[in-house]
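Accompanying notes for the structure given below.
The values are calculated or read from the model by the stated rules, or taken from the named source; none is laboratory data. Keep in mind that this is a model prediction, so the values were computed, not measured. Methodologically, a virtual Cβ is constructed for each residue, glycine included, from the backbone with ideal geometry; neighbour enumeration extends over all protein chains shown. Side chains included, ligands, DNA and RNA excluded: accessible areas come from the protein's heavy atoms. Shrake-Rupley method; radii C 1.70, N 1.55, O 1.52, S 1.80 Å.
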Amino acid sequence: MKQICVIGVGYVGLVTGTCFADLGNRVIALDVNEQRIENLKKGIMPIYEPGLEELVKRNMQAGRLSFTTSYKEALKGTEFAFIAVGTPSGVNGEADLQYVAAAARSVAEAMEAPLIIINKSTVPVGTGDWVADIVKKSQSKPIPFSVVSCPEFLREGSAISDFMNPHRTVLGSLDREAAEKVAQLHLPLRAPIMITDLRTAEMIKYASNAFLATKISFINEIAAICEALGADVKEVATGMGLDKRIGPMFLDAGLGWGGSCFPKDVLALAYMADEKGVEPHILNAVSKVNYNQRHLVRKNLDEMLGTVKGKTIGLLGLAFKPNTDDMRDAPSIDIAQELTAAGASVRGYDPVAMEVARTILPAVEMFDDPYTLAKGCDALVIVTEWNEFKQLDLERIKGLLKSPVVYDGRNIYDPAIMRSMGFNYRGVGRGYDVNGNQH
Ligand code: UDX
Ligand code: UDX
């Protein structure tokens, strides 16, 4: 049992701290947002993540997890301090490290004993050295410390399972002994642990995220070609994925990626390359393809309806992916804004992200369920593939719509079935149906 402090109780920090507590460690989670900490003390979660509330409450009751805004309190008797504060994109796409710097300074000022400082947040290559400099300069007296990079590979919506069943743990440090100690914390997860240097560990995180984003933009480009040539990209992806060198995951064509990671990490990596005079040809193309996907909705609806001007369009799903309330860089935002700008009235429904969406999409009329939303709509768009949309009563939906037009931005429906039900249906890259009809 070790004593661990986690700084930043966001999507990554809260899951990381709670899971380490669940492994039997004593965890103190810190955040500068007092309201967030007060709520957590009352068992109120700052984010939606399946299974998190129960895990937090159970570990609080067991005395393994507590919350504070005081660095002094958080670091007392602590051996490990994880920095998991936000690293949003700056104006040119570079990672904004002001919060990491603030956390490093606060740790340096509050620490009274040797400490291992672990960068959990996604930080640009070379940040580990930079954090060490900040800590050294901010200490009132020299106290030994080491910096270890331990990038996170958590997907929102499955973050707890991803933490407990990692494909691998990557650790980077100039101090091998410190890295070994952090490796010990991860032994119960029984996954390969790789120890390398700081910069390599930081690069593994960026390269991994950028590759996953590339896979998605690749299949989205193939979808566009399938649409033009009459092939079905879902079948193509299945055929590709059977090749073990390719694998079936992250080959779902659709409206592309959003969230707080792929967008900022692809941009940040391209920025780092550019800064060093290395042209990021592929990374730039990956972003370009991705953001073009969001225009497919207006483009297809203009073709399916004649025009979106004066029409009422219903968006099903607003969060950037299912099983989260996270709206950061969600495709729904650009899609709603483009449709509104084109003169359409836009409606929205999401099983979980409604409260967050209301503040971000004031022009979108929100509804509490898909059927009420559908009544009187000229078209329905699947933006996020929540499971509940896969089992919708489509006959009922068809009766509620002014015109039976469905644009399936996540290919959750079968084109042949939709057409046989009388829908004017399109997916993304679905080519021809079994009767040879163009989608
Ligand atoms: C994190 C990492 O920042 C990001 O690099 C990684 O790719 C994804 O996980 P996330 O957990 O989503 O991002 O951040 P966010 O949900 O914004 O939470 C950050 C938390 O840090 C917030 O609760 C914020 O209040 C807190 N914070 C911010 C601090 O405690 N101290 C600060 O100085 C700044
Ligand atoms: C991602 C990485 O998967 C994770 O390892 C890293 O730590 C953080 O960033 P996350 O962004 O939470 O996780 O979700 P993920 O499931 O990867 O989806 C990212 C985006 O890609 C979502 O917008 C999703 O809709 C989209 N996506 C995913 C596709 O469009 N097609 C796919 O096949 C898979």
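Brief remarks follow.
- Region 214-268: trypsin sites (Lys or Arg not before Pro) in DSSP loop, at most 16 other beta carbons within 10 Å: Lys244, Arg245
- For the chain, the per residue solvent-accessible surface stands at 43 Å², with DNA, RNA and ligands left out and a 1.4 Å probe.
- DSSP beta bridges confined to the chain are antiparallel in about 10 percent of cases.
- Out-of-range pairs (alpha-carbon distance over 27 Å; input Lys264/Lys375; Lys72/Lys137; Lys181/Lys276; Lys72/Lys264): Lys264/Lys375; Lys181/Lys276; Lys72/Lys264
- Net charge of neighbours whose Cβ lies under 14 Å from the Cβ of Leu187, counting Lys and Arg as +1 and Asp and Glu as -1: +3
- Region 3-196: antiparallel DSSP beta bridges as a percent of all, rounded to 5: 10
- Extension gain for the segment Asn165 to Ile282, taken as residue separation times 0.36 nm less the Cα-Cα distance, is 39.1 nm to one decimal.
- Shape call, region 3-196: gyration tensor on alpha carbons, a/c limit 1.5: rounded
- For Pro370, net neighbour charge (Lys/Arg +1, Asp/Glu -1) across residues whose Cβ lies under 12 Å away: -1
- Straight Cα distances below 17 angstrom link Lys141 to the aspartates and glutamates Glu109, Glu112, Asp133, with same-chain residues fewer than 8 positions distant left out.
- Taking Lys and Arg as +1 and Asp and Glu as -1, the other residues whose beta-carbon sits under 12 Å from that of Met327 total -4.
- Shown are Ile360, Ile134, Ile7, whose ranking by accessible area with a 1.4 Å probe and every protein chain present, most to least, is Ile360, Ile134, Ile7.
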